[in-house]
Amino acid sequence: TQFETNKTGNSSRTLALVLLAVLLLGLGAAFYFLVDNLRIPRDNSPEVIFTRDMMAHHAQAVEMATLIRDRSTDEELRQLTLDMILTQQNQIGQMQAWLNLWNVPQEGLEPPMGGTGEMMGMAPQQSVNDLTTLPITEAEISFLQLMIRHHEGGVFMAQDVLETRQGVVKRLAESIVAAQSGEIEYMESL
């Protein structure tokens, strides 16, 4: 009977040690996850560069969408542009808040997208300005062509940061890829 008591006592201690080890591993994994996701990006980190670049990218999309929304009588196009304006302006606000939270300036020393904005779908300013003076049918077509290219650049930029461990940045990048890919298809159909 003493053998059985020792056997039961050893089993209980073994189980307790296993449970303690599992608990410690779980706490360690949770701590690593929190530290990794709460890591504050530095000024020239990929997350900060993406955030600044996407803010500039979104600002131009909002500008173009506003210009066409104000001129167009096409209800589908007006709804699409309103969705773009509201979504991207909201995302700009989120990204500005991140930069404040990360205690980094809203703008970097380098120009947005390293000065290669046209490669990222940014429209030349004259093309944006033309949206106000072209006959409305031409302006709508020009807008769709410019915005398709613009969204393709935005999707590329977002895909480039999908590997980040910064949770909020990754979720926004995933959202941009999904939403703008869908909008590209819709604009091509228009």
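The values are calculated or read from the model by the stated rules, or taken from the named source; none is laboratory data. Keep in mind that this is a model prediction, so the values were computed, not measured. Positions of Cβ are backbone-derived with ideal geometry, glycine not excepted, and every protein chain shown enters the neighbour counts. Ligands, DNA and RNA are excluded from the accessible area calculation, which covers all protein heavy atoms including side chains. Shrake-Rupley method; radii C 1.70, N 1.55, O 1.52, S 1.80 Å.
Scan the stretch 144-190 for residues that are free of Cβ contacts under 8 Å to residues at least 24 places away in the same chain and of a type in the set (A, V, I, L, M, F, W, C) and the total you get is 3. Taking the criterion of being open to solvent by 10 Å² or more (accessible area, probe 1.4 Å), in a helix (DSSP H, G or I) and among the aliphatic types (A, V, I, L, M), the only residue of the stretch 161-170 that qualifies is Val168. Residue count for the stretch 59-80 satisfying the condition of being touching a residue at least 40 places away in the same chain (Cβ under 8 Å), open to solvent by less than 30 Å² (accessible area, probe 1.4 Å) and part of a helix (DSSP H, G or I): 7. Taking the stated definitions as given, is Ala139 closer than 26 Å to Asp70 by Cβ, among the aliphatic types (A, V, I, L, M) and in a helix (DSSP H, G or I)? Criteria met by Ala139. Could you tell me whether the stretch 145-160 includes any residue that is open to solvent by less than 20 Å² (accessible area, probe 1.4 Å), over 29 Å from Ile40 (Cα atoms) and out of contact with any Pro (no Cβ under 6 Å at 6 or more places or on another chain)? Yes: one or more hits. Residue under question is Glu118, and the condition is that it be surrounded by fewer than 17 Cβ atoms within 10 Å (Cβ to Cβ), part of a helix (DSSP H, G or I), on the phi < 0 side of the Ramachandran plot and at pLDDT below 95; does it hold? So Glu118 passes the test.
Among the residues of the stretch 96-110, the ones that are assigned to a loop (DSSP other than H, G, I, E, B), over 15 Å from His57 (Cβ atoms) and in contact (Cβ under 8 Å) with a residue 12 or more places away in the chain come to 4 in all.
For the stretch 68-126, a residue qualifies if it is within 19 Å of Phe156 (Cα to Cα), more than 16 Å from the chain's Cα centre (by Cα) and of a type in the set (S, T, N, Q), and exactly one does: Thr116.
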